[in-house]
Amino acid sequence: MTTSEAAPTPTLPRKRGRESEAEPRTGGGLPTSATALSQAKRLVVKIGSALLVGEDGEIDRPWLDALVDDLARCRARRQEVIVVSSGAIAVGRRHLGLRGSALRLEEKQAAAATGQIRLAHAYQEALARHGITVAQILLTLEDTEERRRHLNARATFAQLLGLGAVPVVNENDTIATAEIRFGDNDRLAARVAQMASADMLVLLSDIDGLYSADPRNDPAARHIPLVRDLGPEIEGMAGSAPPGYSSGGMVTKLAAARIAMQAGCHMLIAEGRPKGNEMAGPLGAIEAGARATLFLPHSEPRSARKAWIAGAVNPAGALIVDDGAARALHSGKSLLPAGVVGIEGAFERGDCVVIRTRAGIEAGRGLSAYAAADIRLIAGHKSGEIATILGYRGRDEIIHRDDLVLTEAR
């Protein structure tokens with residue numbers, strides 16, 4: 001996404017030779033929080049425990065109903081919605097009689113095991129009022145970092161959204177160890193947005209956005225409505241996490257913003273309980289002009305994903321293609337098995353591989369739909385022969401054009 005050419009009116013002091021990192025203006029083509037939210041095609045909404053779970057350890061049903069009314073309205077205007085919800089541990093600990101502010105890992109896992117059931121049931125009941133089907137997805141850090149599991153989860157999200165369901169995601173605290181946990185759902189939500197190629201992530205919290213300093217400690221702190229770059233000046237504004245159930249705070253929200261922006265996804269930090277009307281829907285309040293902070297990406301989701309393929313993944317192998325296949329790739333086609341004349345390395349489905357010509361020139365990189373062993377069997381054959389050769393029906397393409405980046409100028 002491009003920004004206005006007009007000189008901005010900064011909310012932060014300018015630094016010599018560079019533009020301010022915070023931009024309050026909404027003119028000149030820059031979106032407001034309301035327009036960015038209403039125009040998103042695929043929306044991820046993250047809900048913090050402090051919003052969803054009361055001090056008594058029970059789910060706040062009126063608040064959840066107000067949020068679900070917002071989600072139903074988004075769905076009615078053809079927006080796809082994914083929810084990332086905290087709260088399982090907070091709900092489960094009460095029903096297991098777990099006391100104290102700091103639980104051991106195994107106690108958290110036990111609390112999550114019982115809390116997930118109650119949480120999923122609450123979402124099911126709330127969304128059923130609008131005739132919307134809910135689906136539960138539990139993820140660990142490894143599910144988002146390991147490429148094959150990432151692709152499987154991505155495909156599941158796409159299928160559920162295509163069938164009209166609302167996925168409700170939480171970290172799989174029942175099996176994740178301390179070493180492989182996100183530890184907060186802000187970054188999990190950003191990884192989900194990245195995985196699903198969402199164009200908007202909303203972090204609903206107990207604060208209405210980013211401030212120049214912690215507003216709990218500094219009454220002169222200024223609200224920052226728009227952020228285009230996450231430099232040291234912006235990162236220095238993060239404070240400590242608030243007390244209570246929340247494990248995040250502004251530090252993890254800015255970490256989530258970095259993930260989302262790099263994935264080509266807008267992000268909003270907004271108040272979960274709108275001031276003056278705590279039972280109003282938080283998304284509706286944003287669209288009505290409630291204060292929030294909007295983070296702007298520098299690319300669209302697909303181009304950001306392809307940039308990740310081109311530069312952020314270490315190739316696991318290589319495919320050698322004939323001249324006809326190389327020409328087809330440059331014309332925007334996918335890589336079919338008929339054009340493959342050689343395979344290097346031992347890679348699995350979902351791994352990133354290099355595509356080379358017979359002359360040894362790198363033509364591109366992409367995510368393979370088949371393992372190397374299977375490609376060795378189907379190379380040189382037509383797509384219609386794949387099922388007969390392998391004994392199962394896979395994709396017609398070895399690398400689909402959506403998972404392909406050209407790295408050589410024609």
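The values are calculated or read from the model by the stated rules, or taken from the named source; none is laboratory data. What you are looking at is a predicted structure, and each value in this text was computed from that prediction instead of being measured. We place every Cβ from the backbone using ideal geometry, glycine too, and count neighbours over all the protein chains shown. The area values use the complete protein model at the heavy-atom level, side chains included, leaving out ligands, DNA and RNA. Shrake-Rupley method; radii C 1.70, N 1.55, O 1.52, S 1.80 Å.
Just give me the residues in the range 154-185 being in a helix (DSSP H, G or I) and either modelled with pLDDT of 90 or more or among the basic types (Lys, Arg) (or both), in sequence order. Residues satisfying the conditions are Arg154, Thr156, Phe157, Ala158, Gln159, Leu160, Leu161, Gly162.
Taking the range 88-107 only, how many residues are closer than 21 Å to Asp60 by Cα and part of a helix (DSSP H, G or I)? Steps first, answer last, please.
So in the range 88-107, the residues closer than 21 Å to Asp60 by Cα come out as 88-99, 101.
Now drop any that are not part of a helix (DSSP H, G or I), which leaves 88-95.
Total meeting the criteria: 8.
Exactly one residue out of Ala363, Ala379 is open to solvent by less than 40 Å² (accessible area, probe 1.4 Å), of a type in the set (A, V, I, L, M, F, W, C) and over 23 Å from Lys306 (Cβ atoms), and it is Ala379. Residue count for the range 43-98 satisfying the condition of being within 19 Å of the chain's Cα centre (by Cα), at pLDDT 95 or above and of a type in the set (Gly, Ala, Ser): 0.
Just one of Ile286, Ile355 is open to solvent by less than 20 Å² (accessible area, probe 1.4 Å), hydrophobic (A, V, I, L, M, F, W, C), within 30 Å of Gly209 (Cβ to Cβ) and not in a loop (DSSP other than H, G, I, E, B); which is it?
Numbers: Ile355 fails: within 30 Å of Gly209 (Cβ to Cβ).
The unique qualifying residue is Ile286.
With respect to being of a type in the set (A, V, I, L, M, F, W, C), touching a residue at least 24 places away in the same chain (Cβ under 8 Å) and touching a Lys or Arg at 6+ places or on another chain (Cβ under 6 Å), Ile320 fits the description.
Do we find a residue being touching a Cys at 6+ places or on another chain (Cβ under 8 Å), assigned to a strand (DSSP E or B) and not hydroxyl-bearing (Ser, Thr, Tyr) anywhere in the range 134-144?
Filtering the range 134-144 for residues touching a Cys at 6+ places or on another chain (Cβ under 8 Å) gives none.
No, that holds for no residue.
Only a single criterion out of (1) assigned to a strand (DSSP E or B); (2) in contact (Cβ under 8 Å) with a residue 40 or more places away in the chain; (3) over 30 Å from Leu30 (Cα atoms) is not satisfied by Ile343, namely (2). Leu226 meets all of the listed conditions (1) under 19 Å from Arg305 (Cα atoms); (2) in contact with a strand residue (DSSP E or B) (Cβ under 6 Å, 6 or more places away or on another chain) but one, namely (1).
Among the candidates Ala307, Ala326, single out the residue that is part of a helix (DSSP H, G or I), open to solvent by 20 Å² or more (accessible area, probe 1.4 Å) and among the aliphatic types (A, V, I, L, M). Let's see the steps before the verdict.
Details: Ala326 fails: open to solvent by 20 Å² or more (accessible area, probe 1.4 Å).
After applying the criteria, what remains is Ala307.
For the range 135-151, which residues satisfy the criterion of being free of Cβ contacts under 8 Å to residues at least 40 places away in the same chain and either open to solvent by 40 Å² or more (accessible area, probe 1.4 Å) or small (Gly, Ala, Ser) (or both)?
In the first step, residues of the range 135-151 are kept if they are free of Cβ contacts under 8 Å to residues at least 40 places away in the same chain; the result is 135-138, 142-143, 145-146, 149.
The answer is Ala135, Gln136, Leu138, Glu142, Glu145, Glu146, Arg149.
Only one of the numbered conditions (1) modelled with pLDDT of 90 or more; (2) surrounded by 13 or more Cβ atoms within 10 Å (Cβ to Cβ); (3) not hydroxyl-bearing (Ser, Thr, Tyr) is not met by Ala373, and that is (2).
Across the range 55-89, the qualifying residues are those that are farther than 13 Å from Arg273 by Cα and small (Gly, Ala, Ser), and the one among them that is surrounded by the fewest Cβ atoms within 10 Å (Cβ to Cβ) is Ala76.
The set of residues in the range 27-60 being over 25 Å from Leu161 (Cα atoms) and touching a residue at least 60 places away in the same chain (Cβ under 8 Å) consists of Leu30, Pro31, Thr32, Ala50, Leu51, Val53, Ile59.
Can you name every residue in the range 203-220 that is open to solvent by less than 20 Å² (accessible area, probe 1.4 Å) and either over 24 Å from Pro167 (Cβ atoms) or in contact with a His (Cβ under 9 Å, 6 or more places away or on another chain) (or both)? Break it down stepwise before answering.
Filtering the range 203-220 for residues open to solvent by less than 20 Å² (accessible area, probe 1.4 Å) gives 203-205, 209-210.
Result: Gly209, Leu210.
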